[in-house]
Amino acid sequence: MSNITLGQAAAWCGGHVEEKYADLVFLGANNDSRKILPGQLFVALEGVRDGHEFIPMAMEKGAAAALCKFTVGEHPAILVDDPRIALGKIAAAHRQQLGMKVVGVTGSVGKSTTKEMIAAVLEGDYIVSKTPANHNNDIGMPMAILAMPEDTQVAVLEMGMNHFGEISYLTGIGKPDAAVIVNIGTMHIEHLGSREGILRAKLEILEGLKEGGKAFLNGDDDMLWSVKDSLRRRVAYFGKENSDVDLRARVLPGEPGSICFQVASEDDVFTVELPLEGQHYIPDALAAVSVGLHFGVAPQRIRQRLQSFQNMAGRQEIFSARGCTIIKDCYNAGPESMAAALQVLKNRSGRRIAVLGDMLELGERSAAEHEKVGALAAKCADVLLSYGPSRQIMVNGALAAGMDPEDTGVFATHEEMASSLRRNCREGDVLLFKGSHGMHMELVLEQFLNEER
């Protein structure tokens with residue numbers, strides 16, 4: 001990452017810094033005083049706790065200065081009206097100063113995996129940086145930009161949202177040269193009202209698209225395809241079902257534990273093999289192929305890089321433990337990703353156990369969607385164990401679809417669920433752990449694996 005002086009940052013965000021501190025430099029930013037690193041800018045945000053209370057602690061840990069509304073003690077500071085907005089302005093100016101190309105990625109399901117695949121495809125041809133983990137909001141994405149090395153040539157930025165205007169804000173900071181929308185699902189429908197509302201919110205990414213930039217959309221998604229004729233910017237579509245798209249995939253027989261498909265564009269035809277299970281990963285890979293070709297990466301290199309792709313921790317990690325096959329997919333969940341994960345479970349041999357937590361932010365559709373997941377689990381799993389406020393609704397859906405009551409279980413705590421698994425799992429079982437991030441299903445898995453039987 002590059003040094004930024006307090007004077008520079010103050011000029012970028014319209015803030016004020018005392019003259020004696022103007023030449024002081026910082027390296028990156030952080031809003032968590034517990035995790036602040038020496039030399040970082042501490043961002044004092046006002047949330048459940050006022051970040052200004054933690055300025056002294058951040059300075060004691062080596063923070064270079066604070067970005068804040070008012071000073072707390074005699075510390076270097078950039079004074080601003082709104083630290084959150086100021087952080088975004090500093091990140092936008094720094095991104096412009098570095099002169100890197102930007103790929104913006106959004107979608108209801110799979111955007112993190114798509115971001116990772118795009119970065120994997122571009123690395124080797126470019127020096128690539130990307131937003132880490134879940135740094136896809138109005139705080140995380142600007143901090144990720146400020147942490148990027150100054151020799152970064154392409155930044156791949158994931159942009160998340162749960163309300164209107166959030167992606168508009170992020171794309172204004174990132175100003176992407178290429179924008180990707182993977183799909184329009186039902187995640188966050190509680191705040192956006194309908195898939196039409198989610199579509200409108202996701203399309204905000206195009207507002208920041210640079211002149212001459214290009215957008216890549218999933219042509220198999222009915223909502224994204226419906227706006228094809230109305231989009232004024234340059235748009236290319238990818239898909240495996242829609243024959244009218246610009247980049248098409250034809251699924252081929254593959255090795256167990258992998259997905260194989262042929263990619264065909266106007267100029268290229270080549271085969272891709274992904275070391276992942278489930279055809280729901282194909283749109284993510286097609287987005288990565290589309291961006292790679294757009295940035296001039298040779299098809300053979302795209303093929304090689306996707307063939308060795310490794311996804312982020314917590315996303316379809318498959319391993320063996322306690323004599324069982326574990327499918328750890330705990331990072332997040334919505335109706336679409338639940339369905340995809342259950343299909344992966346269905347294709348496995350052995351007694352299949354779905355260990356599922358609630359799906360959050362579904363609003364009025366929550367009960368119906370949990371019931372549907374339960375019904376699908378009855379078709380894909382031999383046993384359903386459910387945790388969360390909607391656990392009984394999910395199990396009721398499974399029972400209505402014909403699952404034996406003895407093959408279901410509802411649990412009020414992680415401990416109860418893990419204890420039941422330890423008592424009842426048998427060698428050769430296949431266990432899928434999945435739920436929304438707030439359900440922390442990884443804790444059930446950890447207790448299942450770590451405690452003695």
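Computed values, structure above
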item: Assigned charges on the beta-carbon of Lys, Arg, Asp, Glu; the range 123-180 dipole about Cα centre (debye); result: 160 debye
item: Gained length - Thr271 relative to Arg34, 0.36 nm times residue gap less alpha-carbon distance; result: 80.6 nm
item: Selection from Cys425, Val269, Ser243, by position along the positive dipole direction of the chain (Cβ); result: Val269
item: Length gained when the stretch Gln300-Lys20 is fully extended (0.36 nm per residue, less Cα-Cα span); result: 95.3 nm
item: For the range 365-450, accessible area per residue (1.4 Å probe, heavy atoms of protein chains only), Å²; result: 43 Å²
item: Shape of the range 306-453, Cα gyration tensor, a/c cut at 1.5; result: rounded
item: Positive-pole candidate from Gly88, His16, Ile282, dipole of the chain, charges at beta carbon; result: Ile282
item: Residue-averaged [θ]222 nm for the chain, counting only DSSP H segments that reach four residues, each worth -39500 (n - 2.57); result: -10000 deg cm²/dmol
item: Considering only the range 18-170, percent of DSSP beta bridges that pair antiparallel, nearest 5; result: 5 percent
item: Cα gyration tensor shape for the chain, rounded if a/c is under 1.5, else prolate or oblate; result: oblate
item: Computed E for Ala412/Thr5 - FRET, C-beta separation, R0 41 angstrom, nearest 0.05; result: 0.15
item: Dipole magnitude (debye, nearest 20) for the chain, charges at Cβ of Lys, Arg, Asp, Glu; result: 580 debye
item: Average Cα contact separation per residue, the range 47-121, under 8 Å, 6 or more apart, as relative contact order %; result: 16 percent
item: Qualifying aspartates and glutamates (Cα of each under 13 Å from Cα of Lys210; at least 8 residues distant if same chain); result: Asp177
item: Global geometry of the range 87-211, whether rounded, prolate or oblate, following the gyration tensor of its Cα atoms and the 1.5 cut on a/c; result: prolate
item: Carbon plus sulfur fraction of accessible area for the chain, probe 1.4 Å, in percent; result: 46 percent
item: Solvent-accessible area per residue for the range 39-137 (1.4 angstrom probe, square angstrom); result: 38 Å²
item: Solvent-accessible area per residue, Å², over the range 237-358 with all protein chains present [probe radius 1.4 Å]; result: 42 Å²
item: Computed over the chain: relative contact order in percent, which uses C-alpha pairs under 8 Å that are six or more apart; result: 11 percent
item: Proximal aspartates and glutamates relative to Lys130, as straight alpha-carbon distance under 12 Å, when same-chain residues fewer than 8 apart are discounted; result: Glu116, Glu158
item: Mean separation of Cα contacts under 8 Å (6+ apart) over length of the range 260-384, as relative contact order %; result: 19 percent
item: Among Ile189, Cys260, Val297 - extreme Cα towards positive end, dipole of the range 175-322, charges at beta-carbon; result: Val297
item: Rounded to 5, the percent of DSSP beta bridges in the range 104-243 classed as antiparallel; result: 0 percent
item: Percent antiparallel among DSSP beta bridges (both partners in the chain, rounded to 5); result: 30 percent
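The values are calculated or read from the model by the stated rules, or taken from the named source; none is laboratory data. Every value quoted in this text rests on a predicted model; they were computed, and no experiment measured them. Reconstructed Cβ throughout: ideal geometry from the backbone, glycine too, with neighbour counts over all protein chains shown. When the accessible area is computed, the model is the full protein with side chains, heavy atoms only, and any ligands, DNA or RNA have been set aside. Shrake-Rupley method; radii C 1.70, N 1.55, O 1.52, S 1.80 Å.
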